[in-house]
Amino acid sequence: MADTSITLRLTIADPVPGVRYSLQQDDAPFEPVTAGDAPLSFDVPIRLSADNRFLGPFVRREGPERRFVYIRIGTSAGDHASAWSRRAKIDIHDIPAALLAGARAGRVLEIVLPGRGKDGSPACATVRSTTGWRAV
């Protein structure tokens, strides 16, 4: 079986208005946007191998198992006047196999993420959803 193109949707439920966000493609910001009052979503194209390995320029790796996607924030997303220079790490290696099968069939997999830390600033480091991945 050849690689399959799938889409992962990363939705930030409550981004900080006025702050620039982007995906990280290779080592650069990709299509940065400035947040308003509404949730902010990024559709991430990923290649999924026959053995469910995640591939492509948005996929980062750490060790033999962990795979993730970065969301760049503030200066990291290209806004050099920002007060923040952060990245949010979104794990993808733990997406259940049943959901990956749905993605192979054309379903978009979405995760909703908190956009703010306890202090109200943009969430960063490893950001976890309270609801997990779902097919939409």
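The values are calculated or read from the model by the stated rules, or taken from the named source; none is laboratory data. This one's a predicted model, so the numbers in the text were calculated from it and none came from an experiment. In this analysis, Cβ positions are derived from the backbone assuming ideal geometry, glycine residues included, and neighbour counts consider all displayed protein chains.
Key figures
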read-out	value
Lone qualifier among 29, 17 - being in contact with a Gly (Cβ under 6 Å, 6 or more places away or on another chain) and crowded, with 16+ Cβ neighbours inside 10 Å	29
Per-region count, segment 68-84, residues touching a helix residue (DSSP H, G or I) at 6+ places or on another chain (Cβ under 9 Å), within 12 Å of residue 29 (Cα to Cα) and of a type outside the set (A, V, I, L, M)	1
Residues located in segment 15-48, provided they are under 19 Å from residue 108 (Cβ atoms), in a loop (DSSP other than H, G, I, E, B) and in contact with a Ser or Thr (Cβ under 8 Å, 6 or more places away or on another chain)	39
Where residue 86 falls short, out of the listed (1) among the charged types (D, E, K, R); (2) over 27 Å from residue 104 (Cα atoms); (3) more than 16 Å from the chain's Cα centre (by Cα)	(3)
Residue list for segment 1-22, restricted to those being free of Cβ contacts under 8 Å to residues at least 60 places away in the same chain, within 14 Å of residue 73 (Cβ to Cβ) and out of contact with any helix residue (DSSP H, G or I) (no Cβ under 9 Å at 6 or more places or on another chain)	17, 18
Pairs where the first residue, in segment 85-113, is closer than 28 Å to residue 29 by Cβ and the second is part of a loop (DSSP other than H, G, I, E, B) and among the acidic types (Asp, Glu), C-beta under 8 Å, 6+ apart	93/65
Residue in segment 104-122 that is aliphatic (A, V, I, L, M) and over 18 Å from residue 43 (Cβ atoms) present	no
Matching entry among 42, 68, 58 (being surrounded by 14 or more Cβ atoms within 10 Å (Cβ to Cβ), more than 20 Å from residue 136 (Cβ to Cβ) and either without any contact (Cβ under 8 Å) to a residue 24 or more places away in the chain or under 11 Å from the mean Cα position of the chain (by Cα) (or both))	68
Search result, residues across segment 10-42 that are within 20 Å of residue 118 (Cα to Cα), of a type in the set (D, E, K, R) and in contact with a strand residue (DSSP E or B) (Cβ under 9 Å, 6 or more places away or on another chain)	14, 20
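Residue by residue, here is whether (1) buried (at least 19 other Cβ atoms within 10 Å of the Cβ); (2) in contact with a His (Cβ under 6 Å, 6 or more places away or on another chain); (3) farther than 16 Å from residue 122 by Cβ; (4) at pLDDT below 95 holds:
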{"residue": "10", "(1), (2), (3), (4)": "yes, no, no, no"}
{"residue": "23", "(1), (2), (3), (4)": "yes, no, no, no"}
{"residue": "37", "(1), (2), (3), (4)": "no, no, no, no"}
{"residue": "49", "(1), (2), (3), (4)": "no, no, yes, no"}
{"residue": "91", "(1), (2), (3), (4)": "no, no, yes, no"}
